[in-house]
Amino acid sequence: MTAPRTVDVRRPGGDGSSPADAANSAGARGDSDADMRPVGPLDDGRTSAEGVGREEPGDSRGEDVTADYAADARHSGAVTIRRDGTLATVHIGTGRRANALRTHDWQVLATVFDSLAQDVSLGAVVVTGRGTNTFSAGSDMREWLSADPSEIDGSFAAMESALSAVERLPVPVIARISGSAVGAGCQLACACDLRIVADDARMGMPIARWGILVPPAFAARIALLTGPATARDLLLTGRLVDGTEAVRLRLATASVPAADLDTATADVVTAITAHPPAAIRAAKRAVDTVIAPTRERLGQLPAGPAVDYDSMQLALGSFLGGVTRAG
């Protein structure tokens, strides 16, 4: 086990300074009420900081090194890191509200990955949702209800900053996906190099219904994996696909029974880290070089509004009102 290290995280990337039209995500919409529920703060009176450094049930491996990578993480229980040798596991969410992230959580995630990028001993990173039920429902839409347009744009910018930081990491990033990876949760999965998904999990982009103006960066993350036709299908219809279909569409790398998800993810990590680290970093860098022109062009596009404001407020207000009336 590696000893904890202090890493300077005072660098750009976690301040939401990327273009305001950057990739955003709404909460999940699936076949159950849980997938439809907008997400918000913990509802049991705890502060989110109480979740920092908490071990996953049944996970005795590794050492919590969250504070070594991001001092701001003490204010966000939604991002924690465990280190086991050359492997870092980043847990997202609090285990509640479908592991949705607030604006500050996205900023912390960007800082964490920018700091991980400086760690020369790092071999691979696994990104997974806290708990066993879901990967992430994306962003906490309660922040957007009655928020100013500039605040919503800032939230989207923070998301894109985090997603770009994941993509820039020089070592492989593997998404371990159970439950739902939707909206910004799906974007986070697509920002990873590989996606190992449970066959009963669901992935998709049900965001247009909230008045979100799909940015080119969003579309690109899907289209680079699936091709333009499937990207249009997923973005225009907002439909969710299970793990088996996600693999067929090339949205996911592999689909396995939920009971085998941990083993399958560990096998991929073992296969990667068995090779010389320099060779693995070179392989990732080579692929990144191929798609760099697309990413560079996206970065040069002018910023635009993240949402159709009136449509979003109407949709969120109506939905949250329906939830309240339903008790």
### Task
Kindly indicate which of A223, A217 is free of Cβ contacts under 8 Å to residues at least 24 places away in the same chain and more than 25 Å from P257 (Cα to Cα).
A223
### Summary
Condition set exposed (fewer than 11 other Cβ atoms within 10 Å of the Cβ) and not hydrophobic (A, V, I, L, M, F, W, C), scope the range 290-305, selection nearest to the chain's Cα centre (by Cα): answer is E296
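Working carefully through the options L251, L261, find the one that is in contact with a Ser or Thr (Cβ under 8 Å, 6 or more places away or on another chain) and either assigned to a helix (DSSP H, G or I) or at pLDDT below 95 (or both). Talk me through it step by step, then tell me what you get.
Details: L251 fails: either assigned to a helix (DSSP H, G or I) or at pLDDT below 95 (or both).
On inspection, the qualifying residue turns out to be L261.
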### Query
Among the residues of the range 253-284 satisfying the criterion of being over 21 Å from the mean Cα position of the chain (by Cα) and under 20 Å from A191 (Cβ atoms), which is surrounded by the most Cβ atoms within 10 Å (Cβ to Cβ)?
I272
### Task
For L249, state whether it is in contact (Cβ under 8 Å) with a residue 40 or more places away in the chain and either touching an Asp or Glu at 6+ places or on another chain (Cβ under 9 Å) or among the aliphatic types (A, V, I, L, M) (or both).
no
### Query
Among the residues of the range 117-170 satisfying the criterion of being among the charged types (D, E, K, R) and touching a helix residue (DSSP H, G or I) at 6+ places or on another chain (Cβ under 7 Å), which is modelled with the lowest pLDDT?
E143
### Task
Go through (1) surrounded by 12 or more Cβ atoms within 10 Å (Cβ to Cβ); (2) among the hydrophobic types (A, V, I, L, M, F, W, C); (3) out of contact with any Phe, Trp or Tyr (no Cβ under 7 Å at 6 or more places or on another chain); (4) under 22 Å from L188 (Cα atoms) one by one and return the number of the condition V287 breaks.
(1)
### Query
Given the conditions (1) farther than 24 Å from K284 by Cβ; (2) surrounded by fewer than 24 Cβ atoms within 10 Å (Cβ to Cβ); (3) in contact with a strand residue (DSSP E or B) (Cβ under 9 Å, 6 or more places away or on another chain), and given that V90 satisfies all but one, which numbered condition is not satisfied?
(1)
#### Entry: Yes/no for G227 being surrounded by fewer than 14 Cβ atoms within 10 Å (Cβ to Cβ), modelled with pLDDT of 95 or more and on the phi > 0 side of the Ramachandran plot
yes
## Note on the structure
Going through the range 114-129 in order, the residues found to be in a loop (DSSP other than H, G, I, E, B) and more than 16 Å from A162 (Cβ to Cβ) are Q118, D119, V120, S121, L122, G123
### Message
Could you check the range 289-321 and list, in sequence order, the residues that are out of contact with any Pro (no Cβ under 9 Å at 6 or more places or on another chain) and either without any contact (Cβ under 8 Å) to a residue 60 or more places away in the chain or among the aromatic types (F, W, Y) (or both)?
### Response
T289, V290, A292, P293, E296, Q300, S318, G321
## Note on the structure
For the range 212-242, the count of residues that are charged (D, E, K, R) and under 21 Å from P305 (Cα atoms) equals 2
### Task
Scan the range 267-304 for residues that are of a type in the set (S, T, N, Q) and under 18 Å from R221 (Cβ atoms) and jot them down.
T289, T294, Q300
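The values are calculated or read from the model by the stated rules, or taken from the named source; none is laboratory data. What you are looking at is a predicted structure, and each value in this text was computed from that prediction instead of being measured. Cβ: placed from backbone, ideal geometry, glycine included. Neighbour counts: every protein chain shown.
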